[in-house]
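**Student:** Okay, here's the structure, questions in a sec.
The values are calculated or read from the model by the stated rules, or taken from the named source; none is laboratory data. Just so we're clear, the structure is a prediction, and the values are computed from it rather than from any experiment. No Cβ is skipped: glycine too gets one built from the backbone with ideal geometry, and neighbour counts run over all protein chains shown. Keep in mind that these areas ignore ligands, DNA and RNA; they rest on the heavy atoms of the full protein, side chains included. Shrake-Rupley method; radii C 1.70, N 1.55, O 1.52, S 1.80 Å.
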Amino acid sequence: MTQIAFPTPDPDILARRDDIISGLAALLPPECLITSEDERRAYETDALTSYRRLPLAVVLPRSTQEVSAVLCYCHSQGVKVVPRGAGTSLAGGAIPQEDAIVIGVSKMNRILEIDYANRMARVESGVTNLSITDHVMPEGFFYAPDPSSQLACTIAGNIGMNSGGAHCLKYGVTVNNILGATLVLMDGTILQIGGPALDASGLDLLGLIIGSEGQLGIVTEACVRLLRAAEGARPVLFGFDSSEDAGACVAAIIAAGIVPVAMEFMDRPAIEICEAFAHAGYPLDVEAMLIIEVEGAQEEMAMQLERIITIAKAHHVKVVKESSSAMEAALIWKGRKSAFGATGRVADYICMDGTVPTSQLVHVLARTAEIIDTYGLKVANVFHAGDGNMHPLIMYNANDPASQALAEAAGNDILRLCVDAGGCLTGEHGVGIEKRDLMRHQFSKADLDQQMRVRAAFDPEWLLNPAKVFPLDERVPVDAPVPRKERAAA
Amino acid sequence: MSAFLPKDEAEASDYVKSCYASGQSLTLMGNGTRQHLGRPIVTAHTLTTSAMSGITLYEPSELVIRAKAGTPVSEIEKVIAAKGQMLPFEAMDLRHVYGTQGEPTVGGLTATGLSGPRRIQQGGVRDHLIGVSFINGRGELIKSGGRVMKNVTGLDLVKISCGAHGTLGLLAELTFKLRPKPETEATLLINGLSDARGIEALCLAMGTPYEVSASAHLPSGSTRDPAQTLIRIENFASSVTYRVEQLAHALKAFGVWEILNAQDSAQLWHKIANVTLLPSSSALWRLSVPPTKAAACVAQIKAHMSIDYHYDWSGGLIWVSCATDNAAASMHIRAAVTAAQGHAILIRAPDQLRATHPVFEPQSEAMMKLNASIKASLDPKGLFNPGRMYAGL
């Protein structure tokens, strides 16, 4: 039994499948169009694998012009479109529906321009997050947002979800690191928003489209900000006997005027799972662990660490373990960044993504444990403590529908808890289908209606990624443009 | 024309609802220190947020502050400075530019979205605005974002509220993320570089690992000789000492760098931030271009007209001052920024000039169509600051 509903496919579109595929085939060469059931299977889900729907067809355009042509065609035919990056969404943001085509950006994966003097790279949106950093690292530069899926995930997907990562405490999230984008609207219109200059002209449309979950248009190119890497970076492990001490330590560090480049939290179950996988040297005799990373020259890092260690001692730190080599440092991050994968080896899990004010961390952790106990489940907590972005990994048995239903119910309780504590449903994964029906818990009807009205300014007919973000009922506010069908009938 | 001064969101909301019913337009403002920014507009009424004032949340350990739109920026800066924190984007104060009086408000700061020198490193107003509540054109109070730094829940109406010049909604309450105030600062200075050479030095400095927090070039001209190239470092004292040395060494090909101490550095950057170094009686333009194209952009303008100017943001922000009666200036400046892949805002000019020439960068037809749809989705009757940014918006 699955909990999340999908809209009923439009029978008219399903009946016209052959015609629609012919229409698409006229726009693209055969290698850019996937129609066989076997090959479509690869696109039926994303990283929220318990839900899947086979799309009508999959299109993999090679250029902005091809994306425009395909969207223009779908618009004229009333065909829904689900945009897709690498399909790593944990929220079901890229899960298709039977009456929609998928437009994937995987063939648009070139780095077009690197400009170190202006600290900018122009890329096609299908490039992977990590490939940009890999490309510029020899010159000492990097692209800052670093989601755990950065080896696979694309800039298009990062823009769709406003992705964060472990290091955004210092460097910000995607919206703070994109200078410009080429956006194709549902009707095929191509817009250039921003560019290589430091700020964009007119209304801040970049701020609107970044994090819009593929509902406003498809981004085909982006100008991303490059940053010069620090002289050195050093992650240090701090083990505590209680989550309370670890949480208080995080707040005290920030209050002392120190913003480390990253502050990551893991509880005992997460430490055990990640250590068994990565052999990173994590302490196994503590209840909570912080990975705190400092940057700079050797003397600067030593000075910062001295301050941090003093604060940690005041909060009863039990173990302090400094990485003594680049390899040890890499292992520490490997353990953290593989937390989801490592958890997947011991159990099926769903990963929540609520954010809470950091002063509420300890309270929310304690309540999370109570909620999980109530449902008779297990949880591992691994999250970005510096910015309060929680990631409880709720473990369950995917072969047991009752277990999945319990896990989803527990997850929903935890997300409501995050909102009630002054936070939000999702810090970096997005709403997708997963949290769609919880939106009313965070937003009033007026708030949601206003968001939907702005959305409708881009896609009045709700053709782009329509089953995501907003609750399925009451989708179109009364004064929004009349949907296509009713207009045709009128 | 009547002036309305609501004491809270509820009053403001009722007032907007009455305007929605009657279709009468509104000029929105805070304390009016930057009311001359944008196209001149005529509306039925004026709504001032001065009385909607006060800090409603401040959590130093979370680096977050929330305040009503009419709260003076100086009040916020004072309260957070007491805890060793700051607004990271160096809020721009436009009183010198416009010769206005009164206290700039946080609502006006957000509506105009203009950031100071530290924007090159830390990001601008929009990068630190994490939550907003505003009254839309129907009179409804709308919330977006929140008080946490990471939040991707729903369509983000926070960023677009910044820099919209009051055309999309009446800002009621703003939440910002803060940064610890650096322990100290110092500025490297070198005299006599050409524009192109000065900007080359700035770009190199920005590409070092020393976290330059501001970089400007002040060319020689009517008020200054020789030119000054400036690079600021902010950090703990020991880091500032180390980084300044490293930078001077890395940039030794440009000559010998002097060091300005913390006090002199702070004073100088304050002047650069608020554009007090350029003549105050002239027209003032703000150009945004990729840094390496800045010197050529200026050269192209200088080929046609006489200007005073300086560069901030590693060259990416150019302040240009020129005679107010130079009607061709707009054409030359727009052509130069277009060639440089940038854009320009006419910050200060007589009403007549701002009424007849674009103030903000002209947009493509497709973009204007989308802007109009967005405006209509938030303010369906076009009540708020109609025409402030673009005719018809």
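**Student:** Name the residue farthest towards the positive end of the dipole of the protein assembly as shown from the options B:Ile160, A:Val419, B:Cys297, assuming +1 on Cβ of Lys and Arg, -1 on Cβ of Asp and Glu, about the Cα centre.
**Tutor:** B:Cys297
**Student:** Right, next: Name the residues of the range B:61-84, by number, that are at least 10 Å² less accessible with every protein chain in place than in the isolated chain; the surface is that of heavy atoms, probe 1.4 Å, without ligands or nucleic acids.
**Tutor:** The answer is B:Ser61, B:Glu62, B:Leu63 - residues whose exposure falls by at least 10 Å² when every protein chain is included.
**Student:** If you don't mind, there's one more thing I want to ask. Give, rounded to the nearest 20 debye, the magnitude of the charge dipole that the range B:157-299 has about its Cα centre when Lys and Arg contribute +1 at Cβ and Asp and Glu contribute -1 at Cβ. Numbers along the way, then the final one.
**Tutor:** Values: 12 positive and 11 negative charges, 71 e Å.
In debye, rounded to 20, the range B:157-299 gives about 340.
**Student:** Quick one: Cα centre-to-centre distance for the range A:166-206 and the range B:169-237, in angstrom?
**Tutor:** First find each Cα centre; the distance between them is then 24 Å.
**Student:** Set the bar at 30 Å for Cα to Cα. Now go through A:Lys435/B:Lys83; B:Lys17/B:Lys369; B:Lys78/B:Lys302; B:Lys159/B:Lys181; A:Lys468/B:Lys143; B:Lys7/B:Lys381 and name every pair that lies beyond it.
**Tutor:** Working: A:Lys435/B:Lys83 37 Å; B:Lys17/B:Lys369 26 Å; B:Lys78/B:Lys302 41 Å; B:Lys159/B:Lys181 24 Å; A:Lys468/B:Lys143 20 Å; B:Lys7/B:Lys381 24 Å.
Going by Cα-Cα distance, A:Lys435/B:Lys83; B:Lys78/B:Lys302 fall outside the 30 Å limit.
**Student:** Show that you can apply the helix-only estimate: for the protein assembly as shown, add -39,500 (n - 2.57) for every DSSP H stretch of four or more residues, divide by all residues, and state [θ] at 222 nm to the nearest 500. Don't jump to the answer; show the numbers that get you there.
**Tutor:** Values: 31 runs with 296 residues, N = 883.
The per-residue figure over the protein assembly as shown is -9500 deg cm²/dmol.
**Student:** Report the charge-dipole magnitude of chain A in Debye, nearest 20, computed about the Cα centre from +1 at each Lys and Arg Cβ and -1 at each Asp and Glu Cβ.
**Tutor:** Dipole size: approximately 440 debye.
**Student:** For A:187-198, what's the mean count of beta carbons from other chains sitting within 10 Å of each residue's beta carbon? It would help to have the intermediate numbers written out before the result.
**Tutor:** Details: counts 1, 0, 6, 2, 6, 4, 2, 1, 6, 9, 15, 16.
That works out to 6 on average.
**Student:** Leaving ligands, DNA and RNA out of it, report the carbon-plus-sulfur percent of the accessible area of chain A at a 1.4 Å probe.
**Tutor:** Details: 8770 of 16520 Å².
Solvent-exposed carbon and sulfur of chain A make up 53 percent of the total.
**Student:** Given the protein chains as shown and a 1.4 Å probe, how many square angstrom of A:Asp420 are accessible, to the nearest 10?
**Tutor:** It works out to around 110 Å².
**Student:** List, largest first, the extents of the alpha carbons of the range B:2-180 along their principal axes, each in whole Å.
**Tutor:** Principal extents (largest minus smallest coordinate, Cα): 47, 40, 26 Å.
**Student:** Counting heavy atoms of the protein chains only and a 1.4 Å probe, report the per residue accessible area for the protein assembly as shown as a whole number of Å². Please report the intermediate quantities before stating the final value.
**Tutor:** Numbers: 29820 Å² over 883 residues.
Value returned for the protein assembly as shown: 34 Å² of accessible area per residue.
**Student:** Another one. Compute the semi-axes of the equivalent ellipsoid of the range A:111-228, taking the square root of 5 times each eigenvalue of the Cα gyration tensor, and list them largest first in whole Å. Can you show the working numbers first?
**Tutor:** Numbers: eigenvalues 89, 48, 35 Å².
Value: 21, 15, 13 Å, ordered largest first.
**Student:** How much solvent-accessible surface does A:Glu474 expose, in Å² to the nearest 10, with a 1.4 Å probe and all protein chains in place?
**Tutor:** My reading of the accessible area for A:Glu474 is about 110 Å².
**Student:** If the chain between A:Leu472 and A:Asp38 were fully stretched, how many nm would it gain, using 0.36 nm times the residue separation less the Cα-Cα distance? Don't skip to the end; give the middle numbers.
**Tutor:** Values: separation 434, 0.36 × 434 = 156.24 nm, distance 2.95 nm.
So the chain would gain 153.3 nm between A:Leu472 and A:Asp38.
**Student:** Could you state, as a whole-number percent, how many of the C-alpha pairs of the range A:105-178 are farther apart than 15 Å?
**Tutor:** Details: 1351 of 2701 pairs.
That fraction is 50 percent.
**Student:** Please list the equivalent ellipsoid semi-axes of the range A:233-336, computed as the square roots of five times the alpha-carbon gyration tensor eigenvalues, in descending order and whole angstrom.
**Tutor:** Values: eigenvalues 79, 61, 20 Å².
After diagonalising the Cα gyration tensor, the semi-axes are 20, 17, 10 Å.
**Student:** Another question, if that's okay. Using θ = phi - 60° and the Karplus curve 6.51 cos²θ - 1.76 cosθ + 1.60, what whole-Hz ³J(HN,Hα) does each residue of the range A:210-220 get, with Gly and Pro shown as x?
**Tutor:** Coupling constants for the range A:210-220: 6, x, 8, 6, x, 9, 9, x, 10, 7, 10 Hz.
**Student:** Can you compute 3J(HN,Hα) from phi for each residue in the range A:88-95, using the Karplus curve 6.51 cos²θ - 1.76 cosθ + 1.60 with θ = phi - 60°, rounded to whole Hz and x for Gly and Pro?
**Tutor:** Karplus-based 3J(HN,Hα) across the range A:88-95 equals 9, 4, 8, 10, x, x, 10, 6 Hz.
**Student:** Here's something else I'd like to know. At a 10 angstrom cut-off on C-beta neighbours, averaged per residue, how do the peptides B:161-172, B:286-297, A:400-411 rank from highest to lowest?
**Tutor:** Working: B:161-172: 26.0, B:286-297: 24.4, A:400-411: 18.2.
Ranking the peptides B:161-172, B:286-297, A:400-411 by packing returns B:161-172, B:286-297, A:400-411.
**Student:** In addition: For the protein assembly as shown, build the charge dipole from Cβ charges (+1 Lys, Arg; -1 Asp, Glu) around the Cα centre, then report which of A:Ile111, A:Gly281, B:Ile120 sits farthest towards its positive end.
**Tutor:** It is B:Ile120, whose Cα lies furthest towards the positive end.
**Student:** Still on this structure, please answer the following. Over all directions, average the projected area of the Cα convex hull of chain B and note it in nm². Before the final figure, lay out each step's value.
**Tutor:** Numbers: hull surface 75.1 nm².
Projected over every direction and averaged, the Cα hull of chain B covers 18.8 nm².
**Student:** Compute the convex hull volume of the Cα atoms of the protein assembly as shown, divide it by the residue count, and report the result per residue in Å³ as a whole number.
**Tutor:** Details: hull volume 136.1 nm³, N = 883.
Spread over its residues, the Cα hull of the protein assembly as shown gives 154 Å³ apiece.
**Student:** Got a sec? What order do B:Ile318, A:Ile190 fall in by accessible area at 1.4 Å, biggest, i.e. largest, first?
**Tutor:** Details: B:Ile318 0, A:Ile190 75 Å².
The ranking, largest first, comes out as A:Ile190, B:Ile318.
**Student:** Once the dipole of chain A is set up with Lys and Arg at +1 and Asp and Glu at -1 on Cβ about the Cα centre, which of A:Leu33, A:Ile253, A:Val82 lies farthest towards its positive end?
**Tutor:** It is A:Leu33.
**Student:** For the interface of chains B and A, what total accessible area is buried with a 1.4 Å probe, rounded to the nearest 100 Å²?
**Tutor:** Values: alone 16540 and 19640 Å², together 29820 Å².
So the total buried area for this chain pair works out to about 6400 Å².
**Student:** What is the P(r) of the range A:347-438, as percent of Cα-Cα pairs per 10 Å bin from 0?
**Tutor:** Going out from 0 Å in 10 Å bins, the range A:347-438 shows 18, 54, 25, 2 percent.
**Student:** With charges only on Cβ, +1 for K and R and -1 for D and E, what is the dipole size of chain B about its Cα centre, in debye, rounded to 20?
**Tutor:** Values: 36 positive and 32 negative charges, 125 e Å.
Approximately 600 debye in magnitude.
**Student:** List, in order, the whole-Hz ³J(HN,Hα) value for each residue of the range B:231-241 obtained from phi through the Karplus relation with A = 6.51, B = -1.76, C = 1.60 and θ = phi - 60°; use x for Gly and Pro.
**Tutor:** After applying 6.51 cos²θ - 1.76 cosθ + 1.60, I find 9, 9, 10, 10, 4, 5, 3, 5, 5, 4, 4 Hz.
**Student:** Once you put a point 7 Å from the Cα of A:Leu112 and another 7 Å from the Cα of A:Arg440, both along the Cβ direction, what distance in nm separates them?
**Tutor:** Calculated label separation equals 4.3 nm.
**Student:** Using a 1.4 Å probe, how large is the accessible area of A:Ile193, given in Å² and rounded to the nearest 10?
**Tutor:** Ignoring ligands and nucleic acids, A:Ile193 comes out at about 10 Å².
**Student:** Next up: Counting partner chain Cβ atoms within 10 Å of every residue's Cβ in A:173-182, what's the average? Write down the numbers at each step before the final one.
**Tutor:** Details: counts 5, 1, 7, 6, 2, 0, 1, 1, 0, 0.
Other-chain Cβ atoms within 10 Å of each residue's Cβ, averaged: 2.
**Student:** In whole angstrom, how far apart do the alpha carbon centroids of the range B:1-76 and the range A:232-310 sit?
**Tutor:** When both Cα centres are located, 43 Å separates them.
**Student:** Give me P(r) over the range B:184-356, computed from all C-alpha to C-alpha distances, binned every 5 Å, as integer percentages.
**Tutor:** For the range B:184-356, the pair-distance distribution reads 1, 9, 18, 20, 19, 13, 9, 6, 3, 1, 0.
**Student:** If the convex hull of the alpha-carbon atoms of chain A is projected onto planes in all directions, what is the mean projected area in square nanometres?
**Tutor:** Convex hull of Cα atoms, orientation-averaged projection: 23.1 nm².
**Student:** Could you work out the mean projected area of the convex hull around the alpha carbons of the range A:30-152, in square nanometres to one decimal?
**Tutor:** So the Cα hull casts an average projection of 8.7 nm².
**Student:** Give me, ordered by chain and number, the residues 5 or more places off A:Thr426 or on other chains with an amide H under 5 Å from its own placed amide H.
**Tutor:** Close amide H contacts, sequence-distant or interchain: A:Thr355, B:Val152, B:Thr153.
**Student:** What are the equivalent ellipsoid semi-axes of the range B:1-55, built from the alpha-carbon gyration tensor (square roots of five times its eigenvalues), in whole angstrom, biggest first?
**Tutor:** Its equivalent ellipsoid spans semi-axes of 18, 17, 7 Å.
**Student:** A follow-up question, please. What's log10 of I(q)/I(0) for the range A:148-293 at q = 0.11, 0.15 Å⁻¹, Debye sum over Cα points only, no solvent?
**Tutor:** After summing over all Cα pairs, the log10 values are -0.58, -0.88.
**Student:** Across peptide A:442-451, how many C-beta atoms of other chains are within 10 Å of each residue C-beta, on average? Show your work: numbers first, answer last.
**Tutor:** Working: counts 5, 5, 4, 1, 6, 9, 3, 4, 13, 7.
Partner-chain Cβ atoms within 10 Å, mean over residues of A:442-451: 6.
**Student:** Another one. Quick check: the angle from helix A:298-314's long axis to the longest principal axis of chain A, C-alpha only, nearest 10 degrees?
**Tutor:** 80 degrees
**Student:** Take A:Lys378, project a point 7 Å from its Cα along the Cβ direction, then tell me which residues of the range A:322-363 have their backbone nitrogen under 14 Å from it.
**Tutor:** Answer for this model: A:342-350.
**Student:** I've got another one for you. Could you pull out every residue, at least 5 positions away or on a different chain, whose amide H is within less than 5 Å of the one on B:Ala214? Hs are placed 1.01 Å off N in the peptide plane, and Pro or chain starts have none.
**Tutor:** Under 5 Å from the amide H of B:Ala214: B:Arg232.
**Student:** At 1.4 Å probe size, put A:Leu54, B:Leu218 in order of accessible surface, largest to smallest. Walk me through the numbers before you get to the answer.
**Tutor:** Values: A:Leu54 35, B:Leu218 0 Å².
Accessible-area ranking of A:Leu54, B:Leu218, largest first: A:Leu54, B:Leu218.
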